[in-house]
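A.B. asks: Below you will find the structure I want to go over with you.
Please treat every number below as a calculation from the coordinates, not as lab data. As the structure is a computational prediction, the values presented were derived from the model and not from experiment. Quick reminder, even Gly has a Cβ in these numbers, built from the backbone with ideal geometry, and neighbours come from all protein chains shown.
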Amino acid sequence: MNNSILILIEHLKDAIADISFEMLGIGRKIADSFNGSLHAVVLGKDINKFLPELGIADSIFVADDEKLEMASPETIADIIKSIIEIKGISITILGGTNTAAGVGPILSSKLKLPYLNFCKNIRVEGDNIIVTNQLFGGKILSDVKLDGMKGIISVNPGSFPSDAGKASKVVPVVEIDLSQIKIKNYFKKYIEPEAGDVDITKENVLVSVGRGIENADNLSLAEDLIGVLGGAISASRPVIDQGWLPLSRQVGKSGMTVKPKLYFALGISGAPEHVEGMKDSDCIVAINKDPAAPIFNVAHYGVCGDLLEIVPSLTEKLKAKKG
Amino acid sequence: MIVELDAIRGVSLDTIYDSPEGKLIQTCIQCGTCSGTCPYGEYMEYPPRRIIKLLQHGLVDKVFDTDSMLKCVNCYACMMKCPREIHLTEVLLQLVKEQTVIKLPVVPPELQKALENNYRYGNPMGESGRKRANWVQTSSVPIRILSQNPEPVDVLWFVESYPAFHPRGQDTCRAIAKILNALGVDFAILGNEEKSAGECGLLSWESGLAEALVDYNMAIFSKYKFNRIITSDPHALDAFNFRYRMYGFKGSITHIVPFIIENIDKLKPMLHKTLGYSVTYHDSCCLGRHNGYYDEPRALLKAIPGIKLIEMVHNRINTLCCGGGGGGMWLDTYFKSQNMERLSDRRIKEAIDTGADVLAVACPYEIPRFEDALKVAGYDKKMVVRDIMELVSEAMED
């Protein structure tokens, strides 16, 4: 099995996590360019139901055992190690997720293999695999060549299209021999956090309102915009203080730090305490009456005018465009 | 009134009774003035009087299981009014605070982040230390940075984090630079070498972090020759005057307001613009109550032509804290979640009631706190918050 790639499949609550398909997709691409093979490994209880979805792999390693449900990083690393050693896997790809975060370093130190974390891209150049990974929280990107085509890569979720990894086909299944694996810690029960409000840090679009919204009734203008754009409503402190929105929606120094793809600042002056919480948003659109409002210093697009007039007409235009 | 440093060096809650401070604590008459004057006393399960009582009975551990001391904003009100002159804010409450934060199941994330930022970047806002002196480029007068020109200097200006990084703090910095320059003061700053002095929250919550910052800044001071230090941050003044001296700091430290007052005769002829503002002055806890500078800020304001000074109901020793001290700057959300009124919101009502146009302050935390409170009160078009130095600088314009 030369130049073979192994993917650790992640699943939670009876569903395969998207990251698994992302990894399968890129894994297939790399394997094909080397005429290599792609393998998946699935651990846990009642996992047979997942297997038909993993048809893009050439073979699937499985270990169906209650004690492997949400297994600890040590256990997962031991199992993957045994597969790598027996089958001669060259590259192992893991998800950069909480589930797999501990696996890579253990595997790396046990097998003396290079471990590349925070991977954003994998490409083939000639006979080499080049991995692009993020350093310093994404401030620096580094291209790393995998020496001897051997190593462990952990990829950031969202780096690759997940559709590329989806195929339903029946492929050979290999049972993993667990006799040599010692399971010290195992999972007992999954506790759901209490259902809370929307987590504004996870939204792609935030429509944030400030005191310029004037009163609680006008919040519906922002809600209408969200109806077209998607996303969630958030606010600067004065709006929260008025009790118009709950504390969980507050952006800024004393609230949440958010980095959505699109951030609308409606009637927000842009006090440093607010800007601290949203300045890293990908695209900031500010609407404010005051041309000197500091929000325009951080906004990518600014409209100087009355949000009570602009927002409804913007919503209409967007609606019309969407048909 | 400030405690003898030798008397409290190395004192812990277990050994406090062996110290002179412990003897003082034993004289407490349980009059309750401390709890009554505490701006957040009504929200504390254990306000200062009860803490002393519990300590006397060997039960002080009970306090650690509550968030009482999380609500202490280091305003010195209890300490300065204690008839037995017990150094509550300086000694006992600090010790209780540190134990409280150790025992807290969750440190409020905003405070946690500020502490981490101070540890990693040397400032609570998490800005790059290499940008600390960036504001200098916007100054209208030249400012010497010691690392670039290490010749001996008369006055070392310790800028501090809020003035260096906060846009409104930078306004104050530009005003100070202009005034010092006009007065012909031989001054310089540390620039990017400076790190947060370590007061305010840090001293109370993380003595280890405070010590690291004290060591760092003391080492930087030892690189240069200067006669005295000035700062516009009363919290830094407190840190140098109090905590740094415990670690052997011997330098002279003055707040910018009393420093300018020393030069008032030279300054007065330069104040030729009549401002025509009615101004109310907010006594900062550290500058006023703790260090006794009540008259100097008022004298400086009165020296500005056309300023009419109106006092708030609570002034001088009775001043009401803005809520930013003792880590309160990073506990706004926590206080709000406990249904506590932010003290800046409470104080701004008193300022508005004076009918003044300008709320004058002398502490960098107060500008953002009160500007925010004005917005909350819907009064931001009618009153502005200005540092005294900004007003002096404006009066120097033609």
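A.B. asks: Using a Gaussian network model on chain A with a 10 Å cutoff between Cα atoms, which of A:ASP143, A:ASP290, A:ASP58 fluctuates the most?
C.D. replies: Comparing A:ASP143, A:ASP290, A:ASP58 in a Gaussian network model of chain A, the most mobile one is A:ASP290.
A.B. asks: Shifting gears a bit: What list of ³J(HN,Hα) values in whole Hz, one per residue of segment A:311-323 in order, does the Karplus curve 6.51 cos²θ - 1.76 cosθ + 1.60 (θ = phi - 60°) give from phi, with Gly and Pro shown as x?
C.D. replies: Couplings: 4, x, 6, 4, 4, 4, 4, 5, 4, 4, 5, 6, x Hz.
A.B. asks: Calculate one ³J(HN,Hα) per residue across segment A:248-262 by plugging θ = phi - 60° into the Karplus curve 6.51 cos²θ - 1.76 cosθ + 1.60, and present them in order as whole Hz with x for glycine and proline.
C.D. replies: These are the phi-based 3J(HN,Hα) values: 5, 9, 7, 9, x, 3, 9, x, 9, 9, 10, 9, x, 6, 9 Hz.
A.B. asks: Quick query: amide H of A:LEU6 versus all other amide H atoms, modeled in the peptide plane; which residues come in under 5 Å with a sequence gap of 5 or more or a different chain?
C.D. replies: The answer is A:HIS39, A:ILE91, A:THR92, A:ILE93.
A.B. asks: Taking only Cα atoms and a 10 Å spring cutoff, compute GNM fluctuations for chain A and point out the largest among A:PRO114, A:PRO161, A:PRO294.
C.D. replies: A:PRO294
A.B. asks: Give the distance, in whole Å, between the Cα centre of segment B:94-108 and the Cα centre of segment A:218-253.
C.D. replies: What the calculation gives is 33 Å, centre to centre.
A.B. asks: Shifting gears a bit: Can you give me the C-alpha center-to-center distance between segment A:158-193 and segment A:287-313, rounded to a whole angstrom?
C.D. replies: Here the two parts' Cα centres lie 49 Å apart.
A.B. asks: Exactly which trypsin sites (Lys or Arg not before Pro) in segment B:313-398 are in a DSSP loop and have at most 16 other Cβ atoms within 10 Å?
C.D. replies: B:LYS381, B:LYS382
A.B. asks: Let me ask something else. For segment A:200-322, just the Cα set please: Rg and Dmax, both in angstrom.
C.D. replies: Values for segment A:200-322 (Cα only, Rg and Dmax): 12.7, 38 Å.
A.B. asks: Below 13 angstrom from the Cβ of A:SER179, what's the summed charge of the other residues (Lys, Arg +1; Asp, Glu -1)?
C.D. replies: -3
A.B. asks: Starting from the eigenvalues of the Cα gyration tensor, five times each then square-rooted, give me the equivalent ellipsoid semi-axes of the protein assembly as shown, largest first, whole Å. Provide the component values of the computation, followed by the final result.
C.D. replies: Working: eigenvalues 594, 200, 140 Å².
With the √(5λ) rule applied to the protein assembly as shown, the semi-axes are 54, 32, 26 Å.
A.B. asks: Within 10 Å, at most 11 other Cβ atoms, and a DSSP state outside H, G, I, E, B define an exposed site. Report the longest part of chain B free of exposed GluC sites (Glu not before Pro).
C.D. replies: Numbers: sites that count: B:GLU4, B:GLU397.
Answer - B:5-396.
A.B. asks: Report Rg (one decimal) and Dmax (nearest whole number) for chain B, counting Cα atoms only, units Å.
C.D. replies: Cα only, chain B: 20.6, 65 Å (Rg, Dmax).
A.B. asks: Counting only DSSP beta bridges with both residues in the protein assembly as shown, tell me the antiparallel percent, nearest 5.
C.D. replies: Beta bridges within the protein assembly as shown, antiparallel portion: roughly 15 percent.
A.B. asks: Next question, about the same structure. Counting other Cβ atoms within 10 Å, keep those with at most 15, restrict to DSSP loop, and tell me which GluC sites (Glu not before Pro) in segment A:134-236 are left. Could the numbers behind the result be given before it?
C.D. replies: On the way: sites: A:GLU175, A:GLU194, A:GLU203, A:GLU214, A:GLU223; in loops: A:GLU194, A:GLU203, A:GLU214.
Passing both the DSSP loop test and the Cβ count: A:GLU194, A:GLU214.
A.B. asks: What trypsin sites (Lys or Arg not before Pro) in segment A:234-303 are in a loop by DSSP, with at most 12 other Cβ atoms within 10 Å of the Cβ?
C.D. replies: Loop-located and lightly packed - A:LYS261.
A.B. asks: Here's a follow-up. Alpha carbon centre of segment A:72-92 versus segment B:137-200: separation in Å?
C.D. replies: That distance is 58 Å.
A.B. asks: Give the share of C-alpha pairs in each 5 angstrom bin for segment A:36-168, from 0 to the last occupied bin, in whole percents, shortest bins first.
C.D. replies: Reading upward from the zero bin: 2, 9, 18, 22, 24, 16, 7, 3, 0.
A.B. asks: In addition: Step through the residues of segment B:21-29 one at a time and calculate ³J(HN,Hα) from phi using the Karplus curve (6.51 cos²θ - 1.76 cosθ + 1.60, θ = phi - 60°), rounding each to whole Hz and writing x for Gly and Pro.
C.D. replies: Listing the rounded values in order: 5, x, 4, 5, 4, 5, 8, 4, 9 Hz.
A.B. asks: At a Cα cut-off below 23 Å, give the lysines reachable from A:LYS259, other chains included and same-chain residues fewer than 8 away excluded.
C.D. replies: Within reach: A:LYS120, A:LYS139, A:LYS202, A:LYS279, B:LYS113, B:LYS131.
A.B. asks: Right, next: Counting helices only, and only those DSSP H runs with n ≥ 4, report the 222 nm mean residue ellipticity of chain B as the sum of -39,500 (n - 2.57) divided by its residues, in deg cm²/dmol to the nearest 500.
C.D. replies: When only DSSP H runs of four or more count, the value is -11000 deg cm²/dmol.
A.B. asks: What does the net charge come to around B:ASN123 if you take all other residues with beta carbon closer than 11 Å to its beta carbon, with K and R at +1 and D and E at -1?
C.D. replies: Numbers: positive: B:ARG120, B:LYS131, B:ARG132, B:LYS195; negative: B:GLU127, B:GLU160, B:GLU194.
Its environment carries a net charge of +1.
A.B. asks: Here's a follow-up. Leaving out same-chain residues fewer than 8 places away, which lysines sit with a Cα under 20 Å from that of B:LYS250?
C.D. replies: Partners found: B:LYS195, B:LYS223, B:LYS225.
A.B. asks: Right, next: Taking amide hydrogens as modeled 1.01 Å from N in the peptide plane, which residues meet the under 5 Å criterion relative to A:SER154, leaving out close sequence neighbours?
C.D. replies: For A:SER154, whose amide H was placed from the backbone, the distant partners under 5 Å are A:LEU94, A:LEU116, A:ASN117, A:PHE118, A:CYS119.
A.B. asks: Tell me the net charge near B:LYS273. Cut-off is 10 Å between Cβ atoms, B:LYS273 excluded, with +1 for each Lys or Arg and -1 for each Asp or Glu.
C.D. replies: -3
A.B. asks: For A:ILE56, what residues show an amide H to amide H distance below 5 Å, using hydrogens built from the backbone and excluding near sequence neighbours?
C.D. replies: For A:ILE56, whose amide H was placed from the backbone, the distant partners under 5 Å are A:ALA167.
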